[in-house]
1. For residue 471, only one of the following conditions fails: (1) part of a strand (DSSP E or B); (2) farther than 30 Å from residue 883 by Cβ; (3) without any contact (Cβ under 8 Å) to a residue 60 or more places away in the chain. What is its number?
2. Can you name the residue in region 790-809 that is part of a strand (DSSP E or B) and touching a strand residue (DSSP E or B) at 6+ places or on another chain (Cβ under 6 Å) and is also surrounded by the fewest Cβ atoms within 10 Å (Cβ to Cβ) among such residues?
3. Could you please find all residues in region 474-494 being touching a helix residue (DSSP H, G or I) at 6+ places or on another chain (Cβ under 9 Å) and either outside any helix (DSSP H, G or I) or within 23 Å of residue 660 (Cβ to Cβ) (or both)?
4. Looking at (1) part of a loop (DSSP other than H, G, I, E, B); (2) at pLDDT 85 or above; (3) not assigned by TED's automatic domain parsing to the domain that holds residue 407, which is the only condition residue 353 fails?
5. Which of the following residues is at pLDDT 85 or above and touching a helix residue (DSSP H, G or I) at 6+ places or on another chain (Cβ under 7 Å): 320, 286?
6. Would you check if there is a residue in region 527-540 being in a strand (DSSP E or B), surrounded by 18 or more Cβ atoms within 10 Å (Cβ to Cβ), without any contact (Cβ under 8 Å) to a residue 40 or more places away in the chain and in the same structural domain as residue 487 (by TED's automatic domain parsing)?
7. Residues in region 397-419 that are closer than 21 Å to residue 349 by Cα and either part of a helix (DSSP H, G or I) or touching a residue at least 40 places away in the same chain (Cβ under 8 Å) (or both): how many?
């Protein structure tokens, strides 16, 4: 049966017609289709409250009739019913308030005083129902109540009278009232028993036998009784009595003492009867004592001390007592006791000792050790004997399989054998430890030798051009003109390199120089554009050839020296470039590290600090997302959040560009160009804008101030705030740049980080060469891992140079089989691990690796999606772009170039797909965050995959509701 549609308006009409004044969410879900409701649970609750419906947890209630505390009380016994719904989807019948007005009109016409009295009495009840007997003082109350029921003023059941506008008669309420009736009956009986008792003082047995649990709890809770207690000295035990509240404590205490005295005397008589069973032998260290109890205790043992005295397990002793081999008796405290004379006799009488020892349960492991056989062999022997393989007794195996005839001798044999086994184990462990120490010493010696070999091959970076090199370190904040000044020097030199961290930045420089009429080549891992007559090359830093440095080398973003993944490329460029002039650009935080690196090779340099061309300040108040001014960059730190922000801003009527790392560089550049020329008002970007991307923004607004760095979610550092926020402020177009946020907490955090000086970068990184790895044994992944562990860096540089993080390379190398590494050769295998394989394109990297091992052509990248209509389509397209980039990189690598004949075709297909992505982004592509279950649009700051409704539904499914 199809469920009826549901809305907040319908909910308001429902609760107005429920006598109890509330409904549970699970009841609504059973009858109505709540999946199609728009909005989160919070928004639904807020909308309901505007219609007079309160909401607490999963309960909705009519706030005009009942308070939440009343609902909590009613939930103990009430089960409200959902009112009838018409075929048109409306609620049938009048509201409770309308029914109350109609009933008030009928009551006004009553003339019988008894009827009016009955109505007033029911109306004054807190819960809306009373016992039928509550009306017993009204003459002919049965007929009075029947007449009122006929007029729909109240309702009757067998024992109760109800107000139908406050209570619905159902099984749950009937059970509740029956239980309450039983409780009231118990209370009446308890009071009667308490008041009729002769003394009003009850000992433990009387208290527990005369009153049940509910009665005892009620009497204590209502303070109808009080407790007194006395302690007997031997044994120390508390005895207590309950006194009626009208009996004073002193009288009750005197009564208790008299009962205690009688009790002690009676127990002494019981102990006296046991003296004859104890004998005359006193336990060692014991005294006779004055009381009968003390004399019995001094002349007998409890089972555990007795077993300890004769050196046998307590269980065996108990079994012997059960078989009447050893006499025993129980004392008035219920404890089993053995006469001391019997215990002494067992300890000195071998035959009696062995009779008790027959009941000892032996461990199969101990039997095997005593017989000198394996445990499995002992299992077979016990099975053949027909006894338990895990609980054999000494009496069953005595004298068998060359075992001794007595348990004492068996213990000696067992102890001796165990001692020999332990000594053998100890000797074996000592030998194993010695072998391990020797092996560890050999490994340390091998590592030390390998480390020395690697240190010997470590570059000293003191090449022949050092004496003629001029190095200028130009550091300063973002938008301080560093890059412009460096490019002018590069142009003046006439030849050289501009080294960028990103393809996009290298392309910008390539494009800018060629537009100025200065021939410039482009060199990245994926493509190479050679311009006729060009002596200058704009390249990604990994592609730099230090042997052809030219007249000038510009190294941008020098703070990347401290990047564990890619910092090795900056270290290599800085220390190996042979150009006559070098310009090192970056933030001030890079200065200490650059100085240490250059001092280490004795290279003189000059330092120059640049200042921002446009001042940068913090906003005084947060911005609002809806009111963001044009030329604002909104920064988020995940692809999903960037796309969701784009969708929300477009719904507000804004034109938006987006920039994030997974977008193809061409698309990022075009998106940035649209923002720069004013075609779009807002740019939503990740921290990809922090490294040189030309985004002329007036303000940078941080949507969030925490980012995932690949290992954990952490707050932004002062360096990141300066680097990203520094993109604000366009020289010549704005008087200042502004850093801001969307709430006061984030703004205060940003201000605190902005006012701090970024921590200096203190460590550079180096990566291994093929010759380094050739010195190490094992497979490629093991070699890379061992190279990192050895940290083979000269002692003079170890404080500021570390081994790079090769985690990605190790993962790729682990995907190669040993025979594949052998077929490729070490050099080609190492080169293959350098490929730019993102997590989403590693499957394609594996395809390519198999093809290269077989000598086949590289496989074509996967086909792109036919349409770009959703966020999922965009993800798929970005994955295809990543695979195409991988193909282009491999096809351009000399070792693999023969296997990539489709380079031009793949490059064209990639360009077409990038064009499609760029055209799809401005066309209101649906990139909103959606529930992974139902597809409902989620709020921007919703941090979970499921919407509130689906999450709650999952909870109901778990609990079977």
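1. Failed condition: (3).
2. 802
3. Across region 474-494, the qualifying residues are 474, 475, 476, 477, 478, 483.
4. (1) is the only condition that residue 353 fails.
5. Exactly one residue qualifies, and that residue is 320.
6. For region 527-540, residues in a strand (DSSP E or B), surrounded by 18 or more Cβ atoms within 10 Å (Cβ to Cβ), without any contact (Cβ under 8 Å) to a residue 40 or more places away in the chain and in the same structural domain as residue 487 (by TED's automatic domain parsing): absent.
7. Adding up the residues that qualify gives 8.
Residue-wise test of (1) modelled with pLDDT under 85; (2) farther than 30 Å from residue 242 by Cα; (3) not assigned by TED's automatic domain parsing to the domain that holds residue 104.
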position	(1), (2), (3)
140	no, yes, no
146	no, yes, no
176	yes, yes, yes
189	no, no, yes
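The values are calculated or read from the model by the stated rules, or taken from the named source; none is laboratory data. All values reported here derive from a predicted model rather than from experimental measurement. Cβ atoms come from the backbone with ideal geometry, glycine included; neighbour counts cover every protein chain shown.
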